[in-house]
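S.K.: Pasting in a structure now, in structure tokens, and then I'll have a few things to ask.
The values are calculated or read from the model by the stated rules, or taken from the named source; none is laboratory data. Worth saying up front: this structure is predicted, and the values here are computed from it rather than measured. When we count neighbours, we look across all protein chains shown, and the Cβ atoms used for this are built from the backbone with ideal geometry, even at glycine.
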Amino acid sequence: MKKSMFVLLIICLTATTAFAGPNPTEAIASLQQISADTPQELTRLMLDLHLSYFERNALRLMDMRVSPMIVTESHFEVPVEMGFMLTEDRILTALAAFEESSGGKMIASPRAITVSVSAESMPDGKPLLSMTVLVTLHNNVKTGYDSSLKLAFEAFAKVTTFSPQIGKNAEAAGQKTDTASDGNGTWVTNLRIDSDRRLQLTGYAIEPRMVNQFCRDFEKTGVFSEMTLSSMNRNMYNKQPVMRFDVTGKVAAGN
């Protein structure tokens, strides 16, 4: 009986040795690598990078919506919508987050954006803007980073502003308020760039003739094209007569 038990013990030990698994340390490292490369984990990492950037740069993130993951044979992508409340001079800082986080295994591609002037303003008179950006987080790194929106807002700042050019708000924001002869008599209240890079904006001008010049100046930047006046009508802004206009156009593809 004892001999049988001894033989059975030897067989068990032999089987355990023969079919033993890999080294525990190697197994854990392997699992960590697999976990780090899963679409879900890569997406979480990208979101962490963005949230850290916004906090580090004191950007006021208002809301974020993460859509279901889209998976194809070659890659995956996650559409994310982010809403901010910020001043005009912080737009490029916010957009820089997506370029900074891109590289390696994932890219954050800003696809579309809307910016509108809110009823709130900073103590110095600068209007607060409501900005919503649609970003796609994806692992198709061969496409590279699309800088279209960044280039668009760099060019926008050379032509016009979101700050009113008349009234107390203009003076508080340090904007010129004289006349159209200063070339600074237009401002935008709503701007939208869709995923197909089509541009729509609504703005105001002190004088009617400034609207066509507004379109010409946008095209001169080389970033905007097909700038077309859709409508224009006389309106009142801060009890002063102005021209309200709607313009459509297109943004050039970024590199």
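S.K.: So in segment 152-168, with the set limited to residues that are modelled with pLDDT of 95 or more and among the hydrophobic types (A, V, I, L, M, F, W, C), which one is farthest from T114 (Cα to Cα)?
M.R.: Looking at residues that are modelled with pLDDT of 95 or more and among the hydrophobic types (A, V, I, L, M, F, W, C), I get V159.
S.K.: Next question, about the same structure. Exactly one of (1) touching a strand residue (DSSP E or B) at 6+ places or on another chain (Cβ under 9 Å); (2) assigned to a helix (DSSP H, G or I); (3) at pLDDT 95 or above is unmet by L129. Its number?
M.R.: L129 satisfies every listed condition except (2).
S.K.: OK, next. Anything in segment 204-245 that is in contact (Cβ under 8 Å) with a residue 60 or more places away in the chain and among the aromatic types (F, W, Y)? List them, or say none.
M.R.: Correct list: F218, F224, Y237.
S.K.: Return yes or no: is E171 within 22 Å of V251 (Cα to Cα), of a type in the set (D, E) and modelled with pLDDT under 95?
M.R.: Judged against the criteria, E171 is not a match.
S.K.: Still on this structure, please answer the following. Contact list please: Cβ distance under 8 Å, first residue in segment 129-141 and under 13 Å from I193 (Cα atoms) and in the same structural domain as I113 (by TED's automatic domain parsing), second residue assigned to a strand (DSSP E or B) and among the charged types (D, E, K, R), pairs at least six apart or on different chains.
M.R.: Here the result reads T132/E81; V133/E81; L134/E81; L134/R111; V135/E81; V135/R111, each pair linking segment 129-141 to a residue that is assigned to a strand (DSSP E or B) and among the charged types (D, E, K, R).
S.K.: Separate question: Being out of contact with any Cys (no Cβ under 9 Å at 6 or more places or on another chain), closer than 23 Å to D194 by Cβ, among the β-branched types (V, I, T) and surrounded by 13 or more Cβ atoms within 10 Å (Cβ to Cβ) narrows it down to one of T72, T114, so name that one. Reasoning before the result, please.
M.R.: On the way: T72 fails: surrounded by 13 or more Cβ atoms within 10 Å (Cβ to Cβ).
Matching residue, one of T72, T114: T114.
S.K.: Give T136, T160 a once-over and let me know the one that is crowded, with 18+ Cβ neighbours inside 10 Å and farther than 30 Å from P241 by Cα.
M.R.: Working: T160 fails: farther than 30 Å from P241 by Cα.
The match here is T136.
S.K.: Going residue by residue through segment 80-102, is there one that turns out to be at pLDDT 90 or above and hydroxyl-bearing (S, T, Y)?
M.R.: Taking every residue of segment 80-102 in turn, at least one turns out to be at pLDDT 90 or above and hydroxyl-bearing (S, T, Y).
S.K.: Restricting to segment 31-90, name every residue that is closer than 17 Å to M131 by Cα, basic (K, R) and assigned to a helix (DSSP H, G or I).
M.R.: Listed by number, the list holds a single entry, R90.
S.K.: Continuing with the same structure: Under the condition of being among the charged types (D, E, K, R) and in contact with a strand residue (DSSP E or B) (Cβ under 8 Å, 6 or more places away or on another chain), which residue from segment 51-86 is nearest to K105 (Cα to Cα)? Before the answer, list the steps.
M.R.: Narrowing segment 51-86 to residues among the charged types (D, E, K, R): 55-56, 60, 63, 65, 73, 77, 81.
Next, from what is left, pick out any that are in contact with a strand residue (DSSP E or B) (Cβ under 8 Å, 6 or more places away or on another chain): 60, 63, 65, 77, 81.
Working: R60: 27, D63: 26, R65: 22, E77: 12, E81: 21 Å.
Only one residue fits best here, namely E77.
S.K.: Moving to a separate point now. Regarding segment 186-193, can at least one residue be identified that is modelled with pLDDT of 95 or more, surrounded by 15 or more Cβ atoms within 10 Å (Cβ to Cβ), in the same structural domain as L49 (by TED's automatic domain parsing) and out of contact with any His (no Cβ under 6 Å at 6 or more places or on another chain)?
M.R.: No: zero hits.
S.K.: Further question on the same structure: What pairs can you find where one residue is in segment 57-76 and assigned by TED's automatic domain parsing to the domain that holds M106, the other is of a type in the set (K, R), and their Cβ atoms are less than 8 Å apart, with a gap of 6+ or different chains?
M.R.: L59/R90
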